[in-house]
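K.L.:
I'd like to ask you about the structure that follows.
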Amino acid sequence: MTGDQEPGLLRIVTAGSVDDGKSTLVGRLLHDSKSVLADQLEAVENASRSRGRQDLDLALLTDGLRAEREQGITIDVAYRYFATPRRRFILADTPGHVEYTRNMVTGASTAELAVVLLDARHGVVEQTRRHAAVAALLRVPHVVLAVNKMDLVGHDEGVFARIAGEFTAYATRLGVPAVTAVPVSALKGDNVVEPSAHMDWYPGPTVLEHLESVHIDHDPRRRVARFPVQCVIRPRTAGSSGHRGYAGKIASGLFHVGQEVTVLPSGRTTTIAAIDVLGRRARAAWAPQSVSLHLADDLDVSRGDMIAPAGVLPPLTRDVTATVCHLHENPLAKGARVLLRHGTRTVRAVVKDIPDRLALDDLSSDPDPGRLGVNDIGRVVLRTAEPLPLDAYADCRRTGSFILIDAADGSTLTAGMALGNGRQGLDAP
């Protein structure tokens, strides 16, 4: 298996409030794991000296934009690729400012583990709760709480225990399945890659040790198979078989030749006659490979349709209930007419109701808010003009998610995660 399904690959997203040291933590992780090239290190050394620092400013390893370096903050999502002898990593370093919460949504959408960092002096703050809520909303299966700047609280075990207990209780109420808390000092390197000599009371793994050892199930056979059709490839050469190919990227699971499949929304059933992967025939293919499927029967299939195993189909629906994070400065209100993009399909939709909004301080529900503002997390009910093959997000992240788009200018409004039957919100199992 290749790509995202390779057992040695882990996708990580990092999040933390402004000035809590998140970029320094990521920089320390890259530096101490020997994942920084010589020319990158030299550039950071020069930039550190130009800012009047005698030591190495590790935050500059991830704050790559000029505006970020000038302001000393993270603005954009910075993707970093690094490896150790035990595992390869794709790390999405996301901004801490509340106005950039949308960037964390982007980074966390494909993550298998989230590192939420906070300042030991300040403990759990609103942005910490927001980051935990986004991780829960996007069903990130593992969360690491990095309690940073432990050197500034005297490496006090009691401070760490209090913060870890408060955060874990909050995350558990949100439905986060697993939290691992680690006391660190990113500036000094304590418990990031190497164990700390100042916190011998902590018996657990360093951040890197946990990242290398956490179990992630990459077996596509244990996931529902979904294939959104991106385009139809019609035969144009003499001597071709005459069968059309249906090209796209497998969203989830595994497909094989001879498998009985159903095309949605038409509901027609056939079998897979052949699979092309990178121009070669293959007996099977799995997510996230880009492939062309050839079907045994000449069906009417077009862009936006979905191919799925017969008998394991997503429900077709025009009534969508979802937990959402609103990303646009303009609020989302009842009655709004929008475009809903799900996979390769875009349909018209109307916001029928906004039943509640999540209060991050105590996880209470603000009933019938009427609208959602930027960075608000809440629940919406939509009615689409055409039926969609929509999985529950908890069952399939790729085909249970969607975005709402402004029909007038094409801007992204809202990120949505569909709720299945009986699920009511973030804390649903």
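K.L.:
Out of residues 5 or more away from Asn375 or on other chains, whose amide H comes under 5 Å of its own, with H placed 1.01 Å from N in the peptide plane?
P.N.:
His326, Leu327, His328
K.L.:
While we're here: Using amide H atoms built in the peptide plane, which far-off residues or other-chain residues are under 5 Å from Arg318 H to H?
P.N.:
Residues meeting the amide H criterion: Leu388.
K.L.:
If you don't mind, there's one more thing I want to ask. Spelling out what I want: for every residue of region 144-161, take phi, set θ = phi - 60°, compute 6.51 cos²θ - 1.76 cosθ + 1.60 (Karplus), and round to whole Hz; glycine and proline get x.
P.N.:
9, 9, 9, 7, 8, 6, 4, 5, 7, 10, x, 6, 6, 4, x, 4, 4, 4
K.L.:
What distance in nm separates the two pseudo spin-label positions at Trp201 and Arg121, each 7 Å out from Cα along the beta-carbon direction?
P.N.:
2.0
K.L.:
Hey, another quick one. With θ set to phi - 60°, apply the Karplus curve 6.51 cos²θ - 1.76 cosθ + 1.60 along region 264-272 and write out the HN-Hα couplings as whole Hz, x wherever there is a Gly or Pro.
P.N.:
Computed from phi, the couplings for region 264-272 are 10, x, 5, x, 6, 10, 7, 10, 7 Hz.
K.L.:
Continuing with this model, one more query. Within 10 Å, count the other beta carbons around each residue, average over each peptide in 186-194, 205-213, and list them highest first.
P.N.:
Final packing ranking: 186-194, 205-213.
K.L.:
While we're here: Could you pull out every residue, at least 5 positions away or on a different chain, whose amide H is within less than 5 Å of the one on Ser302? Hs are placed 1.01 Å off N in the peptide plane, and Pro or chain starts have none.
P.N.:
Those lying under 5 Å, H to H, from Ser302: there are none.
K.L.:
Which order do peptides 392-403, 159-170, 21-32, 359-370 fall in by mean Cβ count within 10 Å, highest first?
P.N.:
Result, highest mean Cβ count within 10 Å first: 21-32, 392-403, 159-170, 359-370.
K.L.:
Moving to a separate point now. Carbon and sulfur atoms: what percent of the 1.4 Å accessible area of region 216-318 do they account for?
P.N.:
For region 216-318, the apolar C and S fraction of the accessible surface comes to 48 percent.
K.L.:
Within 10 Å, count the other beta carbons around each residue, average over each peptide in 375-382, 326-333, and list them highest first.
P.N.:
375-382, 326-333
K.L.:
Put a dot 7 Å past each Cα toward the Cβ at Glu157 and Glu194; how far apart are the dots in nm?
P.N.:
It works out to 2.3 nm between the two label points.
K.L.:
Also, I was wondering about something else. Give me the 1.4 Å probe accessible area per residue for region 178-323, excluding ligands and nucleic acids, in Å².
P.N.:
48
K.L.:
To continue, here is another question. So for the pair Arg221, Asn330, with labels modelled 7 Å out along Cα→Cβ, what separation do we get in nm?
P.N.:
5.0
K.L.:
What does the charge add up to near Arg86, with Lys and Arg as +1, Asp and Glu as -1, over the other residues with Cβ less than 12 Å from its Cβ?
P.N.:
0
K.L.:
Using a ≥ b ≥ c from the Cα gyration tensor of region 306-429 (square roots of the eigenvalues), is it rounded, prolate or oblate, where a/c under 1.5 gives rounded and otherwise the larger of a/b and b/c decides, a/b for prolate?
P.N.:
Oblate, because a/c is 1.5 or more while a/b does not exceed b/c.
K.L.:
Please report the antiparallel percentage of the DSSP beta bridges confined to region 110-207, to the nearest 5.
P.N.:
Just about 5 percent of them are antiparallel.
K.L.:
Less than 14 Å Cβ to Cβ from Glu386, Lys/Arg counted +1 and Asp/Glu -1: what total charge do the surrounding residues give?
P.N.:
In short, +4.
K.L.:
Work out from phi, with θ = phi - 60° and the Karplus expression 6.51 cos²θ - 1.76 cosθ + 1.60, the ³J(HN,Hα) of each residue of region 345-356, listed in order in whole Hz, and give x for Gly and Pro.
P.N.:
Those phi angles translate into 10, 10, 10, 6, 8, 10, 7, 7, 7, 10, x, 6 Hz.
The values are calculated or read from the model by the stated rules, or taken from the named source; none is laboratory data. Computed from a prediction, not measured in an experiment: that's the story for all the values here. Note that each Cβ is placed from the backbone with ideal geometry, even for glycine, and that neighbours are counted across all protein chains shown. Ligands, DNA and RNA are stripped out before the accessible areas are found, and what is left, the full protein with its side chains, is counted by its heavy atoms. Shrake-Rupley method; radii C 1.70, N 1.55, O 1.52, S 1.80 Å.
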